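As structure tokens, the structure follows; a few thoughts come after it.
The values are calculated or read from the model by the stated rules, or taken from the named source; none is laboratory data. Quick caveat: nothing in here was measured; it's all calculated off a predicted structure. Cβ coordinates were reconstructed from backbone atoms using ideal geometry, including for glycine residues, and neighbour counts include every protein chain displayed.
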Amino acid sequence: MPNLNVYSVLVVLFLTCWAVMATKENDQIIKENNCETKMGLPCVLETFTAIFKTVSISNKCCSELLTFGKVCQSTLVKRTLENHLFKSLNPTTIIVKNIQT
């Protein structure tokens, strides 16, 4: 059960950060943090596959993801969820997978 409590706290913290980031436009946050230049396209695709599907992320892409940073990752996931193509996904599930990744 302690894992569930830690997990719940992480979800709450992530949602809080997400709400704060919502005050700015996602594109502005991406531009300000140079998110588009921090990670190579193959690792971006692999990371999003790990978040939006059930796939593991390689050590190489995991290293790039750490360099990418939480702000960039969270903003891009949020922007993706706002896209009408992804409206059928459960945002809570995606947030949990994002934290796990």
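Key figures for this structure:
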| read-out | value |
| --- | --- |
| Residue count for region 46-79, restricted to those that are charged (D, E, K, R) and under 16 Å from Asp27 (Cα atoms) | 3 |
| Count of residues meeting criterion [within 23 Å of Asn33 (Cα to Cα), among the hydroxyl-bearing types (Ser, Thr, Tyr) and in a loop (DSSP other than H, G, I, E, B)] in region 74-96 | 0 |
| Qualifying residues in region 51-64 (those that are of a type in the set (A, V, I, L, M, F, W, C), modelled with pLDDT of 85 or more and assigned to a helix (DSSP H, G or I)) - the one surrounded by the fewest Cβ atoms within 10 Å (Cβ to Cβ) | Cys62 |
| Hey, Leu15 surrounded by fewer than 12 Cβ atoms within 10 Å (Cβ to Cβ) and either out of contact with any helix residue (DSSP H, G or I) (no Cβ under 6 Å at 6 or more places or on another chain) or at pLDDT 80 or above (or both) or not | no |
| Leading residue by the ranking (nearest to Gln28 (Cα to Cα)) among those in region 80-101 that are surrounded by 11 or more Cβ atoms within 10 Å (Cβ to Cβ) and among the polar types (S, T, N, Q) | Thr80 |
